[in-house]
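Each remark here refers to the structure printed beneath this line.
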Amino acid sequence: MLIEKLKSIVGVEGWVDEPAVLESHLTEWRGAYRGKTPLMVVPRTTSEVSELVRACAAERTAIVPQGGNTGLCGGAIPDSSNTQILLSLARLNRIRSVSPDDYSLVAEAGCVLADVQSQAREINRLFALSLAAEGSCQIGGNISTNAGGTNVLRFGTAREQVLGLEVVLADGSIWDGIRSLRKDTAGYDLKQLFIGAEGTLGIITAASLRLFPLPRDLHTAIIAVASPGDAVALLSDLRSQLSDQIQAFELISDRALRFVMRHIAGVRAPFAENHPWYVLIEGSVPGGQKGFDTVLMNTMDRGLALNAIVAGSLREADEFWRLRHSISEAQKSEGASLKHDVSVPVGRIGDFIRSAESAVQKVLADARVVAFGHVGDGNVHFNISQPKSQSLEQFGGYAAALSDAVYSVTLAFNGSISAEHGIGKAKRELLRKVRGETELSLMRAVKQALDPANIMNPGKVL
Ligand SMILES: Cc1cc2nc3c(=O)[nH]c(=O)nc-3n(C[C@H](O)[C@H](O)[C@H](O)COP(=O)(O)OP(=O)(O)OC[C@H]3O[C@@H](n4cnc5c(N)ncnc54)[C@H](O)[C@@H]3O)c2cc1C
């Protein structure tokens, strides 16, 4: 009965129940989670979303919102009960308005991130959020996970790009909080509740987004360094030399680069020789390529860098970025991988990587640590690839102990167990262990107030 009602709300084009079509929506990007659903609805308007939620609320049926399904914590995958309705935002994908003078645009939740970026570029503006999955992740998913990516250092996370939200609440009512104001202290800032809530408090249907002027004199370089500690010292030095105009500062370990060279077609190594670590940096540097060369020569003279190449063309810059963006894909080809998306204070990155590596090796000497990430934000993707000597089952037997080792070191460094990927299903238990009772009961109180029947993405986060 409910299923028929949901189908009638969205019409024949707006639902799917064929197993073959549903397959990719029911499997997480890495294949770590699989779920079941009796129906996926694909509404085209906010009022359709509202009607769908109202109908589900009346039957106390759970809804799992899904964007591009690139999340890495299982948050967008229904459970295995075959009762949860999957709600894809893919057809709610219009840019509603652009406003160059306000430096803002309003996008519906299903707009693909790369499309939002190009809409902004068309009016000579920058939408600053950028991540490797930008060709398929959606702005609603980005906001719901408070995504980070490569430009956080200069422009902040998804949270900082949001000026206003439109949200369908758990009873089906619509909260129209679409505003483009820079200043607004009228009451609680409710949009903040839904940012990073992973669909557990409501369904984001549209967002007013902040734009920036397009950066000038943007240059990309790849720099070889001896250690993560040196990378942090280099960052500190460059931030002061360049008046904080660095927008990306990505650390890549030699192992990560070797995986990319081995598995990704058409890439080439930046340097003739191998170095222990590399940093990919993008920033606005006056004086063009020559200016950047001079800055980097300075850093090399002072022993902060071993070698450096400034991209001589956009094509070369894209090639450098491709090396960074291909790491996750390349790692897939090396077997199973345990992912730890953690953050620690920026100045402690070097010590953290050293300590975590040694803790991991005490558990499993052959474990292959693949550390990389947004080091300018203190965010390390501390991944561990399956040793060549072990079968998947054998490696699986060590998984819990390896992750415990990484998270213990992270907490000892006053870090976070989730820097940018969120909690989803994957880190639910862990969240309970690391957040105190006061904080957890505040979270539960918010959930209870906004979703008393627990129909919004239940079993995720809390
Ligand atoms: C190769 C690769 C690289 C990545 N790099 C980064 C990176 O650098 N930084 C980073 O932060 N992440 C990264 N990610 C993770 C992922 O891309 C982000 O978490 C992204 O923001 C998820 O967007 P999505 O549209 O795919 O959301 P989904 O995976 O579909 O959903 C994520 C969560 O948000 C909820 N949700 C989705 N849409 C809505 C909505 N409209 N309303 C309410 N809830 C909703 C879902 O229920 C789920 O809980 C990467 C992933 C891959 C595969």
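The values are calculated or read from the model by the stated rules, or taken from the named source; none is laboratory data. Because the structure is predicted, anything quoted here is derived from the model rather than measured. So basically every Cβ, Gly included, is an ideal-geometry build from the backbone, and we count neighbours across all protein chains shown.
Selection of the range 322-338 for residues being assigned to a loop (DSSP other than H, G, I, E, B), among the charged types (D, E, K, R) and under 26 Å from L234 (Cβ atoms) yields an empty set. Scanning the range 225-253 for residues that are of a type outside the set (A, V, I, L, M), without any contact (Cβ under 8 Å) to a residue 60 or more places away in the chain and either within 16 Å of H325 (Cα to Cα) or not in a helix (DSSP H, G or I) (or both) returns a single hit, S243.
Tally up the residues in the range 170-204 that are more than 19 Å from the chain's Cα centre (by Cα), farther than 15 Å from V64 by Cα and hydrophobic (A, V, I, L, M, F, W, C), please. Result for the range 170-204: 6. Looking at A269, A256, just one residue is more than 16 Å from the ligand (Cβ to nearest atom), within 25 Å of E316 (Cα to Cα) and either part of a helix (DSSP H, G or I) or small (G, A, S) (or both), and that residue is A269.
For a quick check of your reading: which helices (runs of 4 or more DSSP H) sit entirely within the range 119-167 and have at least 2 residues that are near the ligand (Cβ under 9 Å from one of its atoms) and under 27 Å from A186 (Cβ atoms)? Reasoning before the result, please.
On the way: elements: 139-144, 152-155, 158-161.
Of the helices (runs of 4 or more DSSP H) lying wholly inside the range 119-167, those with at least 2 residues that are near the ligand (Cβ under 9 Å from one of its atoms) and under 27 Å from A186 (Cβ atoms) span 139-144.
Scanning the range 235-247 turns up no residue that is outside the structural domain of I353 (by TED's automatic domain parsing), within 22 Å of V461 (Cβ to Cβ) and under 19 Å from the mean Cα position of the chain (by Cα). Pairing residues of the range 275-299 that are free of Cβ contacts under 8 Å to residues at least 12 places away in the same chain with residues that are exposed (fewer than 15 other Cβ atoms within 10 Å of the Cβ) and assigned to a loop (DSSP other than H, G, I, E, B), at Cβ distances under 7 Å and at least 6 apart in sequence or on separate chains, gives no pairs at all.
Scanning the range 177-197 for residues that are crowded, with 24+ Cβ neighbours inside 10 Å and assigned to a loop (DSSP other than H, G, I, E, B) yields a single hit, A197.
Please go through the range 235-256 and pick out each residue that is in contact with a Pro (Cβ under 9 Å, 6 or more places away or on another chain) and closer than 14 Å to F292 by Cβ.
L242, Q245, Q247, listed by residue number.
If you filter the range 200-240 down to residues that are over 30 Å from S50 (Cβ atoms) and polar (S, T, N, Q), you find that the one that is surrounded by the most Cβ atoms within 10 Å (Cβ to Cβ) is T220. Just to check your reading of the model, which residue among G67, G74 is farther than 21 Å from G172 by Cβ and within 18 Å of the chain's Cα centre (by Cα)? Only one candidate qualifies: G74.
Determine whether the range 439-449 contains at least one residue that is within 16 Å of the ligand (Cβ to nearest atom), crowded, with 18+ Cβ neighbours inside 10 Å and either in the same structural domain as A256 (by TED's automatic domain parsing) or on the phi < 0 side of the Ramachandran plot (or both). It would help to see each step written out before you state the result.
Here is the first cut: in the range 439-449, the ones within 16 Å of the ligand (Cβ to nearest atom) are 443, 446-447.
Checking which are crowded, with 18+ Cβ neighbours inside 10 Å leaves us with 447.
The next check asks that each one be either in the same structural domain as A256 (by TED's automatic domain parsing) or on the phi < 0 side of the Ramachandran plot (or both); those that pass are 447.
Yes; the residues of the range 439-449 include at least one that is within 16 Å of the ligand (Cβ to nearest atom), crowded, with 18+ Cβ neighbours inside 10 Å and either in the same structural domain as A256 (by TED's automatic domain parsing) or on the phi < 0 side of the Ramachandran plot (or both).
On inspection, R60 fails the criterion of being out of contact with any strand residue (DSSP E or B) (no Cβ under 6 Å at 6 or more places or on another chain), assigned to a loop (DSSP other than H, G, I, E, B), among the charged types (D, E, K, R) and closer than 25 Å to E134 by Cα.
A single entry from I327, I349, I353 fulfils the requirement of being within 12 Å of the ligand (Cβ to nearest atom) and out of contact with any His (no Cβ under 7 Å at 6 or more places or on another chain): I327.
Only one residue in G422, G373, G436 is out of contact with any helix residue (DSSP H, G or I) (no Cβ under 7 Å at 6 or more places or on another chain), more than 16 Å from the ligand (Cβ to nearest atom) and either on the phi > 0 side of the Ramachandran plot or assigned by TED's automatic domain parsing to the domain that holds L193 (or both), so which one is that?
Just a single option satisfies the conditions, and that option is G436.
Which members of the range 180-230 meet the condition of being more than 16 Å from the ligand (Cβ to nearest atom) and over 30 Å from L314 (Cβ atoms)? Within the range 180-230, S180, L181, R182, K183, D184, T185, A186, G187, Y188, D189, S227, G229 qualify.
When only residues in the range 406-419 that are in contact with a Ser or Thr (Cβ under 9 Å, 6 or more places away or on another chain) and among the aliphatic types (A, V, I, L, M) count, which is nearest to the ligand (Cβ to nearest atom)? Steps first, please.
Taking the range 406-419 and keeping what is in contact with a Ser or Thr (Cβ under 9 Å, 6 or more places away or on another chain), we get 409-410, 412-413, 415-419.
Those left that are additionally among the aliphatic types (A, V, I, L, M): 409, 412, 417, 419.
On the way: V409: 22, A412: 24, I417: 14, A419: 8 Å.
Within the range 406-419, the match that is nearest to the ligand (Cβ to nearest atom) is A419.
Of everything in the range 100-118 that is surrounded by fewer than 23 Cβ atoms within 10 Å (Cβ to Cβ) and outside any strand (DSSP E or B), the residue that is farthest from the ligand (Cβ to nearest atom) is D101.
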